[in-house]
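Let me begin by presenting the structure, written as structure tokens, before commenting on it.
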Amino acid sequence: MIVLALPDVHVLPAPLWLITLLHVLTLTLHFAAMGCLFGGVLALFLARLPGGLEHPNARRLVKLFPTLMAATVTLGVAPLLFVQLVYGEVVYSAAIVSGWFWLGIPIAAMLAYACLYAASFTKRGVRRVRVWLLLALAGLLYVSLVYSSVFALAEHPAAQKDAYAADPTGLVWYADVGAWLFRWLHMVAGAFTVGGFFFGVLGRKDDVAWAKGKALFGVGMAAAFVTGIAYLMTLGDVMKPFMQSAGIHGLMLGILASVVAAPLFVKRRLFLSGLSLGVGLLGMVYARQVLRDVRLQGHFDPTALAVDPQWGVFALFAVCLIIALGAVAWMLRIYFRAPTAS
Amino acid sequence: MGYPFWETGIGYGPLMAVIAVLHVFVSHFAIGGGLYLVVAERGARARADLQRLAFLERLSRFFALLTLVFGALSGVAIWFVIGLLSPSGTEALIHTFVWAWAIEWTLFAVEVLAAILYYYGWKRLSPRRHMTLGWIYLVAAWLSLAVINGMVTFMLTPGAWLQTGAFLDGFFNPTYVPSLVLRSGICILLAGVFVLFVAGGHPDRRSRLALVRGAGLWGLVGLAIAAAGFWLYRGVDVLRLDSFRDVAERLRLPGMATQVMYGAACVLAGGLLLTAVLLPALQRRSVGGVLLLCALAVFGGFEFWRESARKPYVIHGFMYGNGLLVGEDHPGGEESLLDRLPYRTGDDGRDLFNRACRSCHQMEGYRALKPILDGTDEHYIEGALAGLHKMRAPMPPFAGNAKERATLAAWLAERIDRRPLHEIHGEAGLALGRRVYEARCGSCHVRGGYEDVSETLSDFDVKDLDDLLSDPDMSEEMPMFHGDAKERQALIDYILGWKKEGVR
């Protein structure tokens, strides 16, 4: 076969470690925003505040949800971009095998976003707010279920091929109890923990809301611990190589930092508690990243990809990122320093 | 090629169009709308026009909701859908332009926050700071367009990237500037016409007239800039090269798209001048609605032209729409296509159809093959597959070997109506002859057009034509005639009839 000298696009435009670092950092931020939103909505329904959705803390949360959704979507773009860059071979394939469900994600997210705005803007009473929030929650639940299913399938290339042979129409729902269900439950419990934290921080000046926040945070952390252990127990043959990999350090960091966050939260050391929770999340995201590599051993090796760095464009990205962070900080500063009405 | 093929049930073209068209309209409107809001706010504040400010605040709420909820997430949806429909193409784009995408992400983050705070800040921020947020939004949104424009135009005209593989060669490709000018004009046009539509229902006559006149001028300026961009586009040398001109001649779509675009632009220019600038009192919601549709037709026509001109590639000169790389496209080669497919359904014919044809064709439905192949046979299809790349419609060559060509031909033949054409359509004589010509010859030979053979055949008599249709060694890329005696005779009569009509 004659092959023309066309450019090779199967190269990484930066070293793998740099792309992995960016992926882990941005995914942590995405999970934090998603936890505040998804966990926040869940927490709002489970908190049973006096006055329900009329409670000031509930109203503040409802007003904040659309902005949290914007943050979640925006912060979700970058990690998906970086994971497709390196793991495209398995991620695209898994997405295609579950194509209709995957394509439903932006639609469900769009509907959830619209419902959150509707809940935020409506003046037709709390019943209407509840309905909009429940619809938004349904949309967010759908997104979480599909993401967990598709990314679990992406780590099982053999299962992808079998599933495709059985049904190539994009209607495969990968629902392996170990690989998907516990993974999803752990993600939801993690989001609930962050949501409980956010709920408490927002209601720190209100005794009832603060107490509810503490309880939600504690319950979320316990649930995350139980589901996380259950997920680990289902790793089977992968358990040993994972325990021998760098992922164990991430897991340990995640558990320790999360545990440290709890007493700090109770003592109202909110900044330190949030920082600790963030570090814990970072550790978990790193462990998740390593676990993917362990699972894919023998099927896909990201270190085998050729690297041809585009340092000039990367430098421009770095400059843009710094400018963007500055602009975001400045905009938030002028907005929150301004009086509430003029 | 290394990815599974998604059997959607509906055509890839319509699926992509449904998501992309709406997003593209909204995303361009988002930029023009941002410019309109800040410029109009500045004017209203200078005149202390409270009515106008109230109008702008309402407009900004709609604008923020549309751009944030629909615009942002439909953009994500495009990303999702291209990954499903063309994973190899998406992979090529991401590997080549990941840092451009990352830059766009930073701009997107600024844009989203600025839009949110601009809307919430009407009563909270000082006028100066509020307008600053508007300008930040506008700059971020336009730069975001400038970045995405590099990747969109790259797919049509990758330029020197094909030789160098260098980021800058691909990004600042030959159609980058014309496209950016055109799209900037479209942004302003859409904003102007949308405001015209909204202002048509404004209750206060004086305010309405002022709004309508201003919006009409916006629309005209935007249209003029877009027209200048398209003029630059048409002047790009690379678009005049053989491969592009060839597509324009072989495919009617680009021509139809430009006709729609020109027609809508003329109606729009006249409508804006008359009902918005010269006689604003004539402006109504209904008139504004028609002008808005014309603006969408202008833009849609351009996008359709651009997409059609790129066929049969997803990245021109590099990758075909079915994911096959240029350089792997050797018709009649011995290399197996199936061996290159890690994801299989267990049905070889189905897998070959999916990989070779299905990105652009369904058996029935979108660009359906069944109506084209009905009345033909397995031998014809096998021969046609050998010469796919010679056909009038631009298509990639079949990338499998002879055995796979036969497998695919058999698979296709099972799904068509194999009765003779005279049985299917109940025709005879010249009508049948024309039908047979269209079915068995017309894909590669158009009378008076592509690969015309009228001149060559004009000297043939009945015997020559009969010999020609019976010749098994006529061409490797031309199927031998396998129709029945009635069809053969009808075809011969039809071709002989050309002499009487004159060759054309």
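The values are calculated or read from the model by the stated rules, or taken from the named source; none is laboratory data. Bear in mind the structure is a predicted one, so any value in this text is a computation, not a measurement. Glycine also receives a Cβ, built like all others from the backbone with ideal geometry; neighbour counts cover every protein chain displayed. Just so you know, the surface numbers come from the protein's heavy atoms only, side chains and all, with ligands and any DNA or RNA stripped out. Shrake-Rupley method; radii C 1.70, N 1.55, O 1.52, S 1.80 Å.
The table below lists the values:
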| item | result |
| --- | --- |
| Matching residues, segment A:157-188, being surrounded by fewer than 16 Cβ atoms within 10 Å (Cβ to Cβ) and among the charged types (D, E, K, R) | A:Asp162, A:Asp167, A:Asp176 |
| Test result for A:Ala58, buried (at least 21 other Cβ atoms within 10 Å of the Cβ) and farther than 30 Å from A:Lys161 by Cα | yes |
| Top-ranked residue of segment B:144-170 - restricted to ones that are facing chain A (nearest Cβ under 9 Å) and surrounded by fewer than 21 Cβ atoms within 10 Å (Cβ to Cβ), ranked as farthest from B:Glu104 (Cα to Cα) | B:Gln163 |
| Qualifying residue in segment A:288-301 (condition: within 14 Å of chain B (Cβ to nearest Cβ) and within 22 Å of A:Val91 (Cα to Cα)) | yes |
| Enumerated helices (runs of 4 or more DSSP H) restricted to segment A:156-250, each holding at least 3 residues that are over 18 Å from A:Leu42 (Cβ atoms) | A:157-166, A:207-233, A:239-243 |
| Residues located in segment B:162-208, provided they are more than 30 Å from B:Gln51 (Cα to Cα), touching a residue at least 12 places away in the same chain (Cβ under 8 Å) and of a type in the set (A, V, I, L, M, F, W, C) | B:Leu162, B:Phe167, B:Phe171, B:Phe172, B:Val177, B:Leu180, B:Val181, B:Leu182 |
| Qualifying residue in segment B:421-435 (condition: open to solvent by 50 Å² or more (accessible area, probe 1.4 Å), over 30 Å from B:Glu364 (Cα atoms) and acidic (Asp, Glu)) | no |
| Which listed residue is part of a helix (DSSP H, G or I), within 14 Å of another protein chain (Cβ to nearest Cβ) and surrounded by 22 or more Cβ atoms within 10 Å (Cβ to Cβ), from A:Val83, A:Val73, A:Val143 | A:Val73 |
| Failed item in (1) more than 10 Å from every other protein chain (Cβ to nearest Cβ); (2) loosely packed, with under 11 Cβ neighbours inside 10 Å; (3) of a type outside the set (Val, Ile, Thr), with A:Pro339 passing the rest | (1) |
| Close pairs from segment B:299-328: first in a strand (DSSP E or B), partner open to solvent by less than 20 Å² (accessible area, probe 1.4 Å) and of a type in the set (Phe, Trp, Tyr), Cβ under 8 Å, at least 6 apart | B:Tyr313/B:Tyr320; B:Val314/B:Tyr320; B:Ile315/B:Phe154; B:Leu325/B:Phe318 |
| Which numbered condition B:Ala48 fails, given (1) out of contact with any Leu (no Cβ under 9 Å at 6 or more places or on another chain); (2) open to solvent by less than 20 Å² (accessible area, probe 1.4 Å); (3) over 30 Å from B:Asp237 (Cβ atoms); (4) more than 8 Å from every other protein chain (Cβ to nearest Cβ) | (2) |
| Condition met for B:Gly222 (part of a helix (DSSP H, G or I), open to solvent by less than 10 Å² (accessible area, probe 1.4 Å), more than 27 Å from B:Tyr262 (Cβ to Cβ) and at pLDDT 95 or above) | no |
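Yes or no, residue by residue, for (1) in a helix (DSSP H, G or I); (2) within 15 Å of A:Leu316 (Cβ to Cβ); (3) in contact (Cβ under 8 Å) with a residue 24 or more places away in the chain; (4) at the interface with chain A (Cβ under 7 Å from one of its Cβ atoms):
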residue	(1), (2), (3), (4)
B:Gly89	yes, no, yes, no
B:Ala102	yes, yes, no, yes
B:Ala115	yes, no, yes, no
B:Lys123	no, no, no, yes
